[in-house]
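> Starting off with a structure, shown below.
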Amino acid sequence: MLIGIDPGHGGKDPGTVNKTLGLQEKTVTLQIAKKLDSLLKYNNVDTVMTRTADKFVSLKDRVKLLNDARVNYVLSIHINSFTTGKPRYISTHIVARGGKAEQLAKKIQQKLVAAVNWPDGGVRVSNFYMVRETRAPAVLVELGFISHLETAKQLQQTAIQRRLAVALAQGIAAQLGIPFTQPETTFTDIQGHWAEKEINWAVKQGLFKGVAEDRFAPDEPVTRAQLAVVLKRFYDKLQIKAGFAGHEGN
Ligand SMILES: [Zn+2]
């Protein structure tokens, strides 16, 4: 199974913008798309992305890339906008009712609404280029409104972006009929690293921490002090495991 992930806009095309925050749609769509990409790969689902950087790619080129790759599904990621700051619903769009696209859309929409608790805009029929011109069943999500200040503030947060990405991945996994598991850690910079497994293990054991919620910095050097802390944690763990805990006073 091959999933086409299409992060909306990019480069000279910022998409919609929240001027108060200086937040651009193209930034959020790429951040969520990258998280989704890594979640799907973790679940052994292959992916193709129409862009992986802040780069302009025309709609025509996106469609060609996805069609040439013969993807099984297309997921296009966007954020809505309105002239007033009022609407804040989350919605999923397909080109027509019926078929696999609608099945996927329903699953995704349900997961999205449950994930962020924004008003349910439902599955809608829209004549968007990306869902109309791609050959595979295609779904376009509008992840809330960037014009809604509270929503825009949430969309900046890594935790919310991750929740949205998990919801999208869960919807896709459900459609593919495969189980979905989340990685032990939320680091986006260890994906595919030669020591990914060991890093996940060390973090899960509580021996090591990341430098940020989503960043482990796997290739940065460790200081002598940090090494001492890790060794102490490891030693304490061995003591507990060997049943020596609490014997120090004897
Ligand atoms: Zn858009």
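> Identify the residue in segment 51-76 that is part of a loop (DSSP other than H, G, I, E, B) and away from the ligand (no atom under 15 Å from the Cβ) and, among all such residues, is surrounded by the most Cβ atoms within 10 Å (Cβ to Cβ).
VAL71
> Next question. Please indicate, with yes or no, whether at least one residue in segment 27-43 is β-branched (Val, Ile, Thr) and either loosely packed, with under 14 Cβ neighbours inside 10 Å or part of a strand (DSSP E or B) (or both).
no
> Another one. Any idea which of (1) surrounded by fewer than 17 Cβ atoms within 10 Å (Cβ to Cβ); (2) more than 30 Å from THR185 (Cα to Cα); (3) in contact (Cβ under 8 Å) with a residue 12 or more places away in the chain is the one ALA101 doesn't satisfy?
Evaluating ALA101 over (1) surrounded by fewer than 17 Cβ atoms within 10 Å (Cβ to Cβ); (2) more than 30 Å from THR185 (Cα to Cα); (3) in contact (Cβ under 8 Å) with a residue 12 or more places away in the chain leaves (1) as the failure.
> Let me ask something else. Among the residues that make up segment 98-115, is at least one of them within 16 Å of the ligand (Cβ to nearest atom) and outside any helix (DSSP H, G or I)?
Within segment 98-115, none of the residues are within 16 Å of the ligand (Cβ to nearest atom) and outside any helix (DSSP H, G or I).
> How many residues are within 14 Å of the ligand (Cβ to nearest atom) and either assigned to a helix (DSSP H, G or I) or not aromatic (Phe, Trp, Tyr) (or both) when one looks only at segment 77-89?
Qualifying residue count, segment 77-89: 5.
> Moving on. Mind counting the residues in segment 1-35 that are away from the ligand (no atom under 16 Å from the Cβ) and in contact with a helix residue (DSSP H, G or I) (Cβ under 7 Å, 6 or more places away or on another chain)?
6
> Cβ-Cβ distance below 6 Å, separation of 6 or more or different chains: which pairs start in segment 210-229 with a residue that is surrounded by 11 or more Cβ atoms within 10 Å (Cβ to Cβ) and end on one that is small (Gly, Ala, Ser)?
These pairs meet every condition: VAL211/ALA217; PHE216/GLY210.
> Shifting gears a bit: In this structure, is LEU164 touching a Gly at 6+ places or on another chain (Cβ under 7 Å), surrounded by 11 or more Cβ atoms within 10 Å (Cβ to Cβ) and under 30 Å from LEU140 (Cβ atoms)?
Spelling it out, it is not the case that LEU164 is touching a Gly at 6+ places or on another chain (Cβ under 7 Å), surrounded by 11 or more Cβ atoms within 10 Å (Cβ to Cβ) and under 30 Å from LEU140 (Cβ atoms).
Throughout, read-outs are computed from the coordinates displayed, never taken from laboratory work. Because the structure is a prediction, the values reported are computed rather than measured. Ideal geometry is used to build each Cβ from the backbone, glycine not excepted, and the neighbour counts take in all protein chains shown.
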